[in-house]
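Read through the structure below, which is laid out as structure tokens, and then see the notes.
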């Protein structure tokens, strides 16, 4: 157990650095661009995130499932080649759809954001897709340390690029270029190691590709649902309210994301453990992590709620003061987020793709329904309360899953 927590700490350290650097960039751009400029960045990056969410098809998570099922076989070469192939195909498809939408609506779809800025934002799409695939393969092959190092290097590149490009007056375009540089650096993580482990083979394997797509189509509704209740509210705020309020709301959402890095790191480590031990044997360890993480994040959330007004005023400026109260409301969802992150390996490892997808999609539709209802009259606070209500449902469903797995484990040990 001590080794597991050390792995979580190391992975968390890299992710904490990654998100701390993201917060540094967030506060730098908030000071430099103001709420309206931050609103443009928030809208563009959320649109790219939306396309990424629909594009990547959850094939990385299916690859983790295949690694768990085939852990005594040479599973990596066909999976590696197939994922490289799919990265190219899905990128071209995403770019084509974004271009058609922008052209056919004369920019209205993207709320009249300049076409050059939209283009710069979408250059990150292939690197976002491959980071999801590559990090899954590195997790399954017990090479998380490679990915952790790349996150540190990539985010450092991002900070340096933001400072340089903003200082020469590139504004929003500079932030998007810096984001691209950081994402490309992280996405390149582990290519050499994976290439060597796959014996230099990178051609797609059609039976494996079919299996990946079959699992991905079942599971991917889960990713879409996650986006709907975690990020779609930014676009809803952008639609109904001002760019200033969009920037303020996204700052609060990103601060919450920084706090959630530890349970996400625990999930990655548990995936790695599961690929070697199997889904049943990893549960006793996972149960203890779930309980310990819940206590840890409650304490962390309380401290963050107290510190938020001072920290946001100090680092982002008084123009972002409304973000503090929104962040405090979002923190009420912390236990739901912990259960969602730490329980994910059980859903994936057991192949419960449809079930996980149905629950998450239900949460997503609940979130956007509440946001469309609350945002026009209550603004970003309405979006925050919609977020909290959605994670209450996620907590309930993942809590039931934990009880089911525990009961199943006890019955099998009798």
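Values quoted throughout were computed directly from the atomic coordinates according to the rules given, and no laboratory measurement underlies them. Because the structure is a prediction, the values reported are computed rather than measured. No Cβ is skipped: glycine too gets one built from the backbone with ideal geometry, and neighbour counts run over all protein chains shown.
Kindly identify segment 250-329 as rounded, prolate or oblate by the Cα gyration tensor criterion: order the square roots of the eigenvalues as a ≥ b ≥ c, call it rounded if a/c is under 1.5, otherwise compare a/b with b/c, prolate if a/b is larger, else oblate. Prolate. Short-range pairs are left out: with C-alpha atoms under 8 Å and at least six residues apart, the relative contact order of segment 135-187 is 39 percent.
Output the relative contact order of segment 91-219, whole-number percent, from Cα pairs under 8 angstrom with separation of 6+ residues. Working shown, then result.
On the way: 98 pairs, mean separation 32.7, N = 129.
Relative contact order here is 25 percent.
Computed from Cα positions, the angle between helix 59-69 and the longest principal axis of the chain comes to roughly 20 degrees. Contact order for the chain, expressed relative to its length and based on alpha carbon pairs under 8 Å spaced 6+ residues apart, stands at 25 percent. Fewest neighbouring Cβ atoms within 10 Å first, the residues 226, 179, 116 line up as 116, 226, 179.
Quick check: from the Cα gyration tensor, does segment 279-414 come out rounded (a/c under 1.5), prolate or oblate? In terms of gyration-tensor shape, oblate. Per-residue Cβ neighbour counts within 10 Å put 330, 259 in the sequence 259, 330, beginning with the fewest.
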